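Trainee: I have a structure here, written as structure tokens, and I will follow up with some questions on it.
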Amino acid sequence: MNKFETSSYKTIKSALVNRNLKQALYDEGKVIMDGVLLTLHGEEHRKRRKLEHRVFQRDFFKYYEQELFPKTLNETINPFLKKGGLDLLDFGYRITINLTADFAGIDRVKKTPEETEDLLSLVKTFSQGATLVHSKRPHEEVNQEVKKALEKFESKFLIPSKKRREILIEKYKNDEIKKEQLPRDVLTILLLNEDKIELSDEIIKREIAFYLQAGSHSTANSMTHALHEIYTWCDGSHKKMKKIKNNPLFLQRCVHESMRLHPASPVAWRRSECPVNLEENINMEKNDLIIMDLHEANQDKSIFGSDSNIFNPNRVVPKNQFLWGLTFGIGLHMCFGRDLDGGVIPDEKTDPNNHQYGIVALLVQKILDEDGYPDDENKPKADLNTERSNWAFYPIIFGEKK
Ligand code: HEM
């Protein structure tokens, strides 16, 4: 087996759309990732993606962002506003657990802080299990924790959520309620299984657990990176901060620029199903591995300019490129949460009052509107448990910076 590495933007783009290259990044994380959408290939992947895509539509994202999310956001942030500060990672996870649970289809019946805390700790364990390949902890230890967490998740959250949906689906099938009255989430779609694809209870369990962690880990980290880049770029300048706060379209650009510099998954791995020739003399035999450095590719000077390694929200990119580069992936496994978290890219016709900004931009806007600034007495800390460059702890305090 040969191993190839590339950081060429062009090569990575062609690899990510190549049907003969199979997902390989999560082979280590099988306990949670075996058989979930992100690890499927070929026909099986196409069918599952088609079925689940029913949940991930732009009209629903807009409704979610404008109607449902502000309420969750206010409920979650209010206790911290009273306290005068928060840790961005902790807050990010608290808020996004509600978001991913809504999309995955996990009910929080009691609606107590303890219940959220419980779900949160399970999801953090799932997240460690999924990204095991980058974990510096003993892998067997993590896997044991993931197995226990899956069992607890099943009895405490999944079974009650399933039961409620099964009753509603029965009512729908008996014409007692309309389809629109069913919850709009992945669990309902899987239980309804209109395409009659093969799905076992074990697969549904891992799929829903995967959804919970896929969205929350990346959203919480994206928000924290974006705020860090903004604070650093403003460097105490009230003028720059005002520009960001008062111009939500510019703030959205800041978020996309930060996403480019900090892709949630810094690499993508694929294994060849047959001989594959990519550009730049990468000639793969069957079962060869290619490791693609998305972090590096997102700084390709020929696309993002000579200052591609720094945060520059005024950056102009060629028409056919995204400012966030390859951060949401492209091609076969392109992220389902892209428009939900990143929003829609504005154009000349965009009305700023009715634009879909994306959840990450909304979170950043809220923190800045509440005058959240890094706590000078309590410095942020990098996450040393992973090779991924994330923050472990990023305290901020509310109130006008002197
Ligand atoms: C800033 C936030 C996010 C980032 C940077 C991100 C990034 C990514 C990337 C890079 C992939 C493709 C991986 C590959 O090609 O190997 C992916 C796939 C996926 N993402 Fe996201 N993601 C984010 C948020 C979300 C959210 C909020 C959800 C769901 C609510 C989500 C659901 C998914 C799913 C289901 C896939 C698998 C698609 C498939 O395999 O066909 N993501 N994401």
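Trainee: Pick from Lys196, Lys147: which is open to solvent by 50 Å² or more (accessible area, probe 1.4 Å), in a loop (DSSP other than H, G, I, E, B) and over 18 Å from Asp102 (Cβ atoms)? Quick ask: steps written out before the conclusion?
Mentor: On the way: Lys147 fails: in a loop (DSSP other than H, G, I, E, B).
Within the list Lys196, Lys147, the selection yields Lys196.
Trainee: Look through the range 1-23, keep the residues that are among the hydroxyl-bearing types (Ser, Thr, Tyr) and closer than 21 Å to Lys286 by Cβ, and return whichever of them is most open to solvent (accessible area, probe 1.4 Å). Write out each step before concluding.
Mentor: We begin by selecting, within the range 1-23, every residue among the hydroxyl-bearing types (Ser, Thr, Tyr); these are 6-9, 11, 14.
Right, trim to closer than 21 Å to Lys286 by Cβ and you get 6, 11, 14.
Numbers: Thr6: 11, Thr11: 1, Ser14: 33 Å².
It comes out as Ser14.
Trainee: Another one. If you check every pair at least six apart or on different chains, which have Cβ atoms under 9 Å apart with a residue in the range 303-322 that is acidic (Asp, Glu) first and a residue that is open to solvent by less than 30 Å² (accessible area, probe 1.4 Å) second?
Mentor: Pairs found: Asp307/Arg315.
Trainee: Working only within the range 86-113, note down all residues that are open to solvent by less than 50 Å² (accessible area, probe 1.4 Å) and at positive phi.
Mentor: Within the range 86-113, Gly105 is the sole residue that qualifies.
Trainee: What about Leu294, is it hydrophobic (A, V, I, L, M, F, W, C), farther than 26 Å from Tyr63 by Cα, more than 21 Å from the chain's Cα centre (by Cα) and within 16 Å of the ligand (Cβ to nearest atom)? It would help to see each step written out before you state the result.
Mentor: Details: hydrophobic (A, V, I, L, M, F, W, C): yes; farther than 26 Å from Tyr63 by Cα: yes; more than 21 Å from the chain's Cα centre (by Cα): no; within 16 Å of the ligand (Cβ to nearest atom): yes.
No, not satisfied.
The rows are residues; the columns are (1) of a type outside the set (A, V, I, L, M); (2) within 10 Å of the ligand (Cβ to nearest atom); (3) surrounded by 14 or more Cβ atoms within 10 Å (Cβ to Cβ); (4) more than 23 Å from Phe103 (Cα to Cα).
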{"site": "Leu25", "(1), (2), (3), (4)": "no, yes, yes, yes"}
{"site": "Glu28", "(1), (2), (3), (4)": "yes, no, yes, yes"}
{"site": "Gly42", "(1), (2), (3), (4)": "yes, no, no, yes"}
{"site": "Glu52", "(1), (2), (3), (4)": "yes, yes, yes, no"}
{"site": "Phe56", "(1), (2), (3), (4)": "yes, yes, yes, no"}
{"site": "Phe60", "(1), (2), (3), (4)": "yes, no, yes, no"}
{"site": "Glu65", "(1), (2), (3), (4)": "yes, no, yes, no"}
{"site": "Thr72", "(1), (2), (3), (4)": "yes, no, yes, no"}
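The values are calculated or read from the model by the stated rules, or taken from the named source; none is laboratory data. Note that the structure is predicted; figures quoted are calculated from it, not measured. Positions of Cβ are backbone-derived with ideal geometry, glycine not excepted, and every protein chain shown enters the neighbour counts. What goes into the accessible areas is simple: the full protein's heavy atoms, side chains included, and nothing from ligands, DNA or RNA. Shrake-Rupley method; radii C 1.70, N 1.55, O 1.52, S 1.80 Å.
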